[in-house]
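Participant: One structure follows; several queries about it will come next.
Nothing in this text is a laboratory measurement; each read-out follows from the coordinates by a stated rule. Quantities reported herein were computed from a predicted structural model and do not represent experimental measurements. Methodologically, a virtual Cβ is constructed for each residue, glycine included, from the backbone with ideal geometry; neighbour enumeration extends over all protein chains shown.
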Amino acid sequence: MRLSLFLNVLILTCVIALPNKAMSVTIVDSVTWENSTYHLLSRGTWQDSESLGIALGGNLATINSQQEQDFLWGMWGLSGSSFHNFGEIWIGLTDEISEGHWAWSSGAPLNFSNWAPGEPNSLGVENYAHMWHSTAGTWNDASGSNEFAGIVEINTVDAPSASLFIILVTLLLAARKQPRYYPNLPS
């Protein structure tokens, strides 16, 4: 119940606070597995999906094991799953900061990888990883301007309490409603 309230308030805050461009990316499905809640996002760029992930209190998914990979691909990528038509799915792996040095956007160490044969190939400007439908969910690097589905991961163990979050939302809304008045500026 408490987590459900927290997630509802969090989603409401995102609707109010996110820029319009990121609003084109929405949550289409959710599931909890082990210590994380995962949200499947509608199609968008890597940056738009990551921005929504951050606003929700997480990041695009950090995949730490073959079990996690298999779970996520089985939920949303595998043919026969209810959302397999998305095809390609963004994950939180990027080499945008340093070409060829792949890192999770969450800051977690890279202890597992599932690259397709010959990948990452950095063909052109390909700084973002996604699960690739044509290779059964193995990873490929792609340009961030592509619009793929995305998976956001929120660690439910470290999630802030709902009461703290409600206070922050209230402050955010109050700050947005305050008129800007600068009495010492010349008119």
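Participant: Order the peptides 117-127, 87-97 from the highest to the lowest mean number of other Cβ atoms within 10 Å of their residues. Could the numbers behind the result be given before it?
Facilitator: Values: 117-127: 13.5, 87-97: 21.1.
Going by the mean number of other Cβ atoms within 10 Å, highest first, we get 87-97, 117-127.
Participant: Order these peptides, 24-32, 59-67, by their mean beta-carbon neighbour count within 10 angstrom, highest first. Walk me through the numbers before you get to the answer.
Facilitator: Values: 24-32: 15.4, 59-67: 20.0.
Result, highest mean first: 59-67, 24-32.
Participant: Pull up all non-local amide H partners of Gly44: gap of 5 or more, or a different chain, and H-to-H distance under 5 Å with H placed in the peptide plane.
Facilitator: Under 5 Å from the amide H of Gly44 lie the amide H atoms of Phe148, Ala149, each far enough along the sequence or on another chain.
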